[in-house]
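What follows is a short report on a single structure.
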Amino acid sequence: MKLKDFFLLALLTLGALLVHGYHPWAEDAEIYLPGVEKILHPELFPFNSQFFESHAHLTFFPNFIAASVRVSHLPLDFVLFFWQVASIFLLLLACWQLISKCFADPKARWAGVGMVAALLTLPVTGTGLYIMDQYINPRNLVAFAAIFAIAKVMDGKYFQAAAFLLFAAAIHPFMSAFVLSYCAVLLCIKEFDRRFASLACLLPFGISFEPPSPAYHQVALSHSYHYFLQWHWYEFLGVVAPLLLLWWFSRIARSRQLQNLDLLCRALIVWELVYLPAGVVLSISARFESLARFQPMRSLYLLYVLFCLFAGGLLGEYVLKNRVWRWIALFAPLCAGMFLAQRALFPASAHIEWPGVAPKNRWVQAFEWIRTNTPRDAIFALDPLHLHISGEDENGFRAIAQRSMLADAVKDSGAVTMFPPMAEEWLKQIQAQSGWKTFRSQDFLRLRAEYGVNWIVLQQPGVEGLDCPYHNAAVLVCRVN
């Protein structure tokens, strides 16, 4: 690559950040960041840490981020921002390397990379995932490692591909299994015979057939995206349409002597047609309910990244060409639509939450007050569905406040779907908070007696008779005496 190409990739990275935004404490950050914070400060989270440590113990991600903080001597929020920007740049760099093996024309290459940059927060049908999240997490790091690994397989540099796969496995063992199986399929078709390719998809999972508990069944009901046959019709379309288009891309590539593009598309089709029946089977019977947590349809994540890359490349090669107005007509509406979608998702927060800048979101303001004004061993209770309250913008309490809390019904339930033994304790805590919106002082005293809760966060206007040393237009923080 030329220096000019690196500069253009940096501009695309900045453009992607401006379009898609940055929200360091949102959504799954509530699962991953407390693990980092506990490594940096072991005294944090003396209660209920199992709801995030279950994930943290299976990935090197918390250690990687914590080590970055210690080596750089920078605050955590600056390190998180650095790795978010770096992960976008590295994904686009990896996409450039892979698309360069498919198209000789720079216009096609930049159109492919530009398509990925424009669609980073495109939802992957039925999975609850984006191509890349608006905050740093293990999936963002695995994304660029996955594309680099595929590019190295195409080059026949298998030791380098193995190095990227090992990095991916250390950061996110679950998602790396999909990448490994695709690389195996690609290798089988490339070096051997397509008839052996489907065998490579048997690599990822060792599974247990233990029947689910009643508590696990209850949490599973709130995660229908694990069960393929419970998807909406348009989510099924999001599976079928890319496969048909990839078949079309393969035919175009074959007719135009684009052998690498043809190979990559055919491998994707074979690979996904193995995971698709697995998703169906795990949705058929309640016997397989606890196995659905392996989510074979998350294979669509990698398929969507590559589909966007190849679609952009073909558009650049045969449609956009040298016509500037065509590039503007394609990418301006795409970027505007993605920007507006992100503003609708996080309406009460700044579009880019720059490190070191005071938060705009009222809930985040309250959580930051808690971090600096309450004891580290405090135990909090919040509405179990607070992440879904309008204006909260799915900002994680543990990640921001760095305090223990009773189990919630959103992110902690996600941890339970992956680790069924926690289901009984999770359900017990959720039931203890049932009817939260009608709680009075005596209900909070009951939580104190049962779980040691000594602080609560309430939505305005709150509850009479409580000592609330902090409040703003949306939230009160109150002691339970």
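The values are calculated or read from the model by the stated rules, or taken from the named source; none is laboratory data. On a predicted model such as this, the values are computed, not experimentally measured, just so you know. When we count neighbours, we look across all protein chains shown, and the Cβ atoms used for this are built from the backbone with ideal geometry, even at glycine. Side chains included, ligands, DNA and RNA excluded: accessible areas come from the protein's heavy atoms. Shrake-Rupley method; radii C 1.70, N 1.55, O 1.52, S 1.80 Å.
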Apportionment of accessible area to carbon and sulfur, the chain, percent (1.4 Å)
64
So the compactness index of the chain, its C-alpha Rg divided by 2.2 N^0.38 Å, takes the value 1.02
Classify the range 381-481 as rounded, prolate or oblate from the Cα gyration tensor: take a ≥ b ≥ c as the square roots of its eigenvalues, call it rounded if a/c is under 1.5, otherwise prolate when a/b beats b/c and oblate if not.
oblate
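Mind checking which helices in the chain clear 24 Å along their axis (Cα) and have mean Kyte-Doolittle hydropathy of 0.5 or more, DSSP H runs only? Intermediate results must be reported in sequence, preceding the final value.
Values: long enough: 3-20 (26 Å, 1.78); 76-99 (34 Å, 2.01); 138-155 (26 Å, 1.15); 173-191 (26 Å, 1.50); 233-255 (33 Å, 0.91); 259-284 (39 Å, 1.35); 324-345 (31 Å, 1.21).
Length and hydropathy pass: 3-20, 76-99, 138-155, 173-191, 233-255, 259-284, 324-345.
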How much area per residue is accessible in the chain when the probe is 1.4 Å and only protein heavy atoms are counted (Å²)?
42
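Do the alpha carbons of any pairs in K101/K157; K101/K152; K190/K321; K4/K152; K38/K428 sit beyond 19 Å of each other, and which pairs? Show your work: numbers first, answer last.
Values: K101/K157 14 Å; K101/K152 10 Å; K190/K321 30 Å; K4/K152 23 Å; K38/K428 25 Å.
The answer is K190/K321; K4/K152; K38/K428.
Please compute the contact order of the range 1-111 in relative form: average sequence separation of alpha-carbon pairs under 8 Å and at least six residues apart, divided by the residue count, as a percent.
Working: 51 pairs, mean separation 31.7, N = 111.
In percent, rounded to a whole number, it is 29.
What size of dipole, in debye to the nearest 20, comes out for the chain about its Cα centre when the only charges are +1 on Lys and Arg C-beta atoms and -1 on Asp and Glu C-beta atoms? Please list the in-between numbers first.
Working: 37 positive and 34 negative charges, 331 e Å.
Dipole about the Cα centre, nearest 20: 1580 debye.
For the chain, what is the calculated [θ] at 222 nm in deg cm²/dmol (nearest 500), taking -39500 (n - 2.57) for each run of four or more DSSP H residues and dividing by its residue count? Working shown, then result.
Working: 19 runs with 277 residues, N = 481.
Theoretical 222 nm ellipticity from helices: -18500 deg cm²/dmol.
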